[in-house]
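Accompanying notes for the structure given below.
The values are calculated or read from the model by the stated rules, or taken from the named source; none is laboratory data. Computed from a prediction, not measured in an experiment: that's the story for all the values here. Please note: Cβ atoms are built from the backbone with ideal geometry, for glycine as well, and neighbour counts cover all protein chains shown. Heads up: the accessible areas ignore ligands, DNA and RNA and are worked out on the full protein's heavy atoms, side chains in. Shrake-Rupley method; radii C 1.70, N 1.55, O 1.52, S 1.80 Å.
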Amino acid sequence: MQVVLGEILPLGVAVALSPLPIIAVLLLLVAPVGVRGALLFLAARAVTLCALVVIFALASDLADDAAGSATPAAILRIVVGSALLVGAVMKWRTRPRGADEPKLPGWMRSVDNAGPAHAVRLGFLLTAANVKEIAFAAGIGFTIGGAFLPWGQIAIAVAVFVVLACLSIAIPVAAALVGGDRVRPALAEMRNWLVRNNAIVVAIVLLVLGAMLVGSGITEL
């Protein structure tokens, strides 16, 4: 269990640094839906991450049981990690150059008019319909499933990961709850910085997580 937690901690931090969910919650906090929408977004993301990790952990466990070894999960980690490394290179190449302004996707522009239901859908879609997020969840799931833990320890490992992964969203929500309108300028400034540097942050996160998955997969072979 300690070995699994040791692998989950840095992976959870890497997922927490994914900028798109942070941008989304910052947009919600400065939108009319405010803290309520941000809390609903946070809840939807936490539930979706939990479900994805459990699904991949079960799939990894079944594959290992069928093969009689941890080799399938190790190979899957190497494949997913390699895909993330390729994604890191591709994302780095799309970063804004010089004074170029990044083009905002449609979902960012729609947040200004978002209601509570839209906040929930956004939390689900930015997690379950995002290839990078699915790859993150797969890597965590393979790590947990490949460790052959009992159900109680699996639940603890998943909970630790989800808490870490959602921490970067929970912090600005908590700041808005405590600080109210006083923190809105700071949140808006943070949002602008992340929008501008989104590609760079994503590339770094993909690079770190991909390298960790490839390394852990090679260790298990």
What does the extension gain come out to for A175 and V160, with contour length at 0.36 nm per residue minus their alpha carbon separation? 3.2 nm
Among [x] 8, 33, 38, 17, 3, 0; [y] 9, 33, 33, 19, 6, 1; [z] 8, 36, 39, 15, 2, 0, the entry that matches P(r) over Cα pairs in 10 Å bins from 0, in percent as calculated here: [y]
FRET E, pair S110, L9, Förster distance 45 Å, beta-carbon r, rounded to 0.05: 0.85
Residues of the stretch 184-221 with amide N under 17 Å of the 7 Å Cα→Cβ point at L167: 205, 209
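Show C166, C50 ordered by accessible area, largest first, where the area counts protein heavy atoms only and the probe is 1.4 Å.
Numbers: C166 10, C50 50 Å².
My answer, sorted largest first, is C50, C166.
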Given only helices, namely DSSP H runs of n ≥ 4 each adding -39500 (n - 2.57), what is the per-residue ellipticity at 222 nm of the chain, to the nearest 500 deg cm²/dmol? -28000 deg cm²/dmol
If I stretch the segment between M1 and Q153 completely, what's the gain in nm (0.36 nm per residue apart, minus their alpha carbon distance), one decimal? 54.0 nm
How large is the accessible surface of R109 in square angstrom, using a 1.4 angstrom probe and rounding to the nearest 10? 140
Can you check what the net charge comes to around L20, using other residues whose Cβ is under 10 Å from the Cβ of L20 (Lys, Arg +1; Asp, Glu -1)? 0
What's the extension gain from T71 to V35 if we count 0.36 nm per residue and subtract their Cα-Cα distance? 8.4 nm
